[in-house]
Protein chains: 2
Amino acid sequence: MAGVTITVCTTCRRGQPAEAEAPRPGTRMLSALEVADLPEGVTLRPVECLSACSRGCTLALSGGPDRWTYIYGDLDPDIHLPEILDGIAAYAATADGIVPWRDRPVIFRKQSIARLPPQE
Amino acid sequence: MAGVTITVCTTCRRGQPAEAEAPRPGTRMLSALEVADLPEGVTLRPVECLSACSRGCTLALSGGPDRWTYIYGDLDPDIHLPEILDGIAAYAATADGIVPWRDRPVIFRKQSIARLPPQE
């Protein structure tokens, strides 16, 4: 199966005012994923804006021409990391990106921003 | 340049109750685009759900490995069609999918759901 890419918005603020000194929540989410135990074949891709600013933190799961892409929001790096990792592992184990509903972490059931079908 | 795909959610209801007899707003949006004058190389792709149900009607613009993908919502096929067509034409004219801000129709400036960077 094709590798999986996790695209992480690093500028997401979770609706908080930007503090000049502190890393943004999106950057902290990326940092947490960078040191996490990701399944083989999963790559992180930082991006400066996913244009879903009112729903930050946000990330997208994609992977190859055969998988659906899913975009999730309202993520909190301080509390959601275990669920995010579970969701990434479940997604990476599929051929088409569609994880059965009951196997999705609650945050992936409830915090979908959008999904896109595989490339035509 | 690679062709452009407009992915249209046909089940979007615009928050209205589903009427058994009438086509859904998303289906009407697709029908309107099917008979519209689209630029050469632009293809429509119906899909049954983009998982952005609270923001329907929704569509996504994508095209080849070099373009950003944009997802828009809160679209109304009865009033937004001219702006949607302007936005599609502007997008199709780019190599990277990024239309200068001032050249985007207002609905594409204000009703972004999310965007995704080009494929890795």
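The values are calculated or read from the model by the stated rules, or taken from the named source; none is laboratory data. Keep in mind that what you see is a predicted model, and the values were worked out from it rather than measured. Note: ideal-geometry Cβ built from the backbone for every residue, glycine included; neighbour counts use all protein chains shown. These area figures cover heavy atoms from the full protein model, side chains too; ligands, DNA and RNA do not enter into them. Shrake-Rupley method; radii C 1.70, N 1.55, O 1.52, S 1.80 Å.
Using the Karplus relation 6.51 cos²θ - 1.76 cosθ + 1.60 with θ = phi - 60°, the per-residue 3J(HN,Hα) values for the stretch B:103-118 come to 8, 7, x, 4, 5, 7, 6, 9, 10, 5, 8, 5, 9, 10, x, x Hz, with x marking Gly and Pro. Within the accessible surface of the stretch B:21-74, defined with a 1.4 Å probe on protein heavy atoms only, the carbon and sulfur portion equals 49 percent. Label points for A:Ser31 are taken 7 Å from Cα along Cα→Cβ. From this copy to the others they lie 5.4 nm apart, shortest first. Which one, A:Pro17, A:Leu30, B:Pro118, projects farthest toward the positive side of the charge dipole computed for the protein assembly as shown from Cβ point charges (K/R +1, D/E -1)? Among A:Pro17, A:Leu30, B:Pro118, the one farthest towards the positive end of the dipole of the protein assembly as shown is A:Pro17.
Using a Gaussian network model of chain A with C-alpha springs under 10 Å, which one of A:Thr58, A:Thr11, A:Thr43 is most mobile by mean-square fluctuation? Per the Cα network of chain A with a 10 Å cutoff, A:Thr43 tops the list.
Accessible surface calculations at 1.4 Å, restricted to protein heavy atoms, place the stretch B:4-116 at 47 Å² per residue.
With the cut-off at 1.5 for a/c, could you classify chain A from its C-alpha gyration tensor as rounded, prolate or oblate? In terms of gyration-tensor shape, prolate. For the pair B and A, the buried accessible area comes to roughly 1700 Å² in total, with a 1.4 Å probe and the value rounded to the nearest 100. With R₀ fixed at 25 Å, the C-beta to C-beta distance from A:Leu81 to A:Asp103 puts the FRET efficiency at about 0.85. Comparing A:Val47, A:Val99, A:Val35 in a Gaussian network model of chain A (Cα springs below 10 Å), the most mobile by mean-square fluctuation is A:Val35. In a fully extended conformation the segment linking B:Glu34 and B:Ala20 would gain 2.8 nm over its present Cα-Cα distance, using 0.36 nm per residue.
Distance between the C-alpha centres of the stretch A:25-42 and the stretch A:53-109: 13 Å, rounded to the whole angstrom.
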